[in-house]
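The values are calculated or read from the model by the stated rules, or taken from the named source; none is laboratory data. For clarity, every value in this text was computed on a predicted model and none was experimentally measured. Areas reflect the complete protein model, heavy atoms only, side chains present, ligands, DNA and RNA absent. Shrake-Rupley method; radii C 1.70, N 1.55, O 1.52, S 1.80 Å.
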Amino acid sequence: MSVPAEWEPHQQTFLAWPQSSDIWFNVNANFTYLTQVREDISRIAKAILRYEQITIMLTQDKLKVQGHLS
């Protein structure tokens, strides 16, 4: 199995749902961007869904993903 480059024809897109607020934490502002990043990923997923299937990889936030994509 090979994974095509992003510009090559493909059948679906895989996205990773943002999980860790540590990764999206701004130390200078003492603020996490996790909520905004999840909203951005949701908008990207909705745009892609108009053209092809997507698979979202996640761990414990299943209900939050459903809420963002509805």
Amide H proximity to Thr32 below 5 Å, modelled H, separation 5+ or other chain, gives Asn26
Provide Arg38, Arg43, Arg50 ordered by accessible surface of protein heavy atoms (probe 1.4 Å), highest first.
Arg50, Arg43, Arg38
Quick check: residue separation of Phe25 and Glu8 times 0.36 nm, minus the Cα distance between them. What number comes out in nm?
2.7 nm
